[in-house]
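Nothing in this text is a laboratory measurement; each read-out follows from the coordinates by a stated rule. Just so you know, these numbers come straight off a predicted model, no measurement behind them. Here the Cβ is made from the backbone with ideal geometry for all residues, glycine too, and neighbour counts use every protein chain on show.
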Amino acid sequence: MGVEMMNATLFHEKNRVPSRISIKAFIGALFHPILRKNHPFEQDELMTDKLGRATADIVDDFQEVVESCQTQFLDLGGRVRFSGPVTTVKCRNDNALLKSILQEESDCGILVIDGGGNMETALMGDLIAAMGRDHGWSGAVILGPIRDSRAIGEMDFGVKALGTNPMKSAKTGAGERDVPVTFGGVTFTPGGWLYADEDGVLFHAKGPLPA
Ligand SMILES: O=C([O-])CC(=O)C(=O)O
Ligand SMILES: [Mg+2]
């Protein structure tokens with residue numbers, strides 16, 4: 001390549017105007033929930049529990065009785081601080097059972113989904129998350145991936161999950177519900193209380209903690 005041609009190539013690279021698609025992708029990435037620090041809801045008004053306690057405050061007062069889950073989840077829902085009674089489900093690469101559970105009415109319930117840490121298929125997408133939100137659930141903690149993460153990141157619904165994968169799960173209904181599930185050093189049992197925020201996930205098997 002001659003010097004002039006090289007200069008021309010460099011000039012072209014330097015002055016290349018990004019296409020509209022790459023500008024859009026760049027702006028989209030800035031707002032991706034994994035990178036976004038500021039969620040669309042007033043998080044200070046949506047405290048971890050109804051008494052306005054953060055998980056760290058709860059540990060300061062109840063260290064002897066609460067358990068902290070060591071699994072390092074990503075906060076992929078639009079709501080980061082949420083608490084409520086636990087319902088459990090165990091399923092692997094199949095989300096029909098959890099979808100049907102999230103269509104039952106709930107009073108701020110949290111569905112703890114043990115997907116075995118399998119990252120092959122997404123256990124939740126925006127339609128399933130919206131069903132949960134619309135039926136009164138406050139969120140889900142998922143030992144597995146989700147998809148439609150952009151839409152879920154805009155939703156007033158708590159989702160802690162291991163990551164993302166656009167592949168969808170099977171829909172046979174395989175799995176078990178209301179069974180104890182264990183991960184991150186905690187055994188989650190139905191009816192226990194879960195507290196989630198930016199710092200992690202706490203569990204109290206005997207129900208809501210006193211003031
Ligand atoms: O269909 C699925 O498995 C999950 C999904 O995309 C959704 O809930 O929107
Ligand atoms: Mg979807």
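Details
- Looking only at segment 165-174, residues that are of a type in the set (Ser, Thr, Tyr) and more than 12 Å from ligand 2 (Cβ to nearest atom) come to 1 in all.
- Any hit, segment 172-186, residues being within 21 Å of Phe62 (Cβ to Cβ), in contact with a Phe, Trp or Tyr (Cβ under 6 Å, 6 or more places away or on another chain) and either among the charged types (D, E, K, R) or touching a residue at least 12 places away in the same chain (Cβ under 8 Å) (or both): yes
- Residue tally, condition within 8 Å of ligand 1 (Cβ to nearest atom) and either farther than 16 Å from Ala96 by Cβ or outside any loop (DSSP other than H, G, I, E, B) (or both), over segment 108-129: 6
- If only residues of segment 105-129 that are away from ligand 2 (no atom under 16 Å from the Cβ) and more than 18 Å from Phe82 (Cβ to Cβ) are counted, the one that is surrounded by the most Cβ atoms within 10 Å (Cβ to Cβ) is Gly115.
- The set of residues from segment 149-181 being under 22 Å from Glu104 (Cα atoms) and in a loop (DSSP other than H, G, I, E, B) comprises Met155, Asp156, Phe157, Ser169, Lys171, Thr172, Gly173, Ala174, Gly175, Asp178, Val179, Pro180.
- Residues in segment 83-100 that are small (Gly, Ala, Ser) and either away from ligand 1 (no atom under 14 Å from the Cβ) or under 17 Å from the mean Cα position of the chain (by Cα) (or both): Ser83, Gly84.
- Hits in segment 68-82 - residues which are away from ligand 1 (no atom under 14 Å from the Cβ) and in a loop (DSSP other than H, G, I, E, B): Gln70, Thr71, Gln72, Phe73, Gly78, Val80, Arg81
- All positions within segment 62-104 that are among the hydroxyl-bearing types (Ser, Thr, Tyr), surrounded by fewer than 20 Cβ atoms within 10 Å (Cβ to Cβ) and touching an Asp or Glu at 6+ places or on another chain (Cβ under 8 Å): none
- Segment 186-208 - residue that is more than 22 Å from Leu76 (Cβ to Cβ) and surrounded by fewer than 18 Cβ atoms within 10 Å (Cβ to Cβ) and, of those, farthest from ligand 1 (Cβ to nearest atom): Lys206
- If the condition is being over 20 Å from Tyr195 (Cα atoms), more than 12 Å from ligand 2 (Cβ to nearest atom) and more than 13 Å from the chain's Cα centre (by Cα), then segment 130-164 contributes only Asp134.
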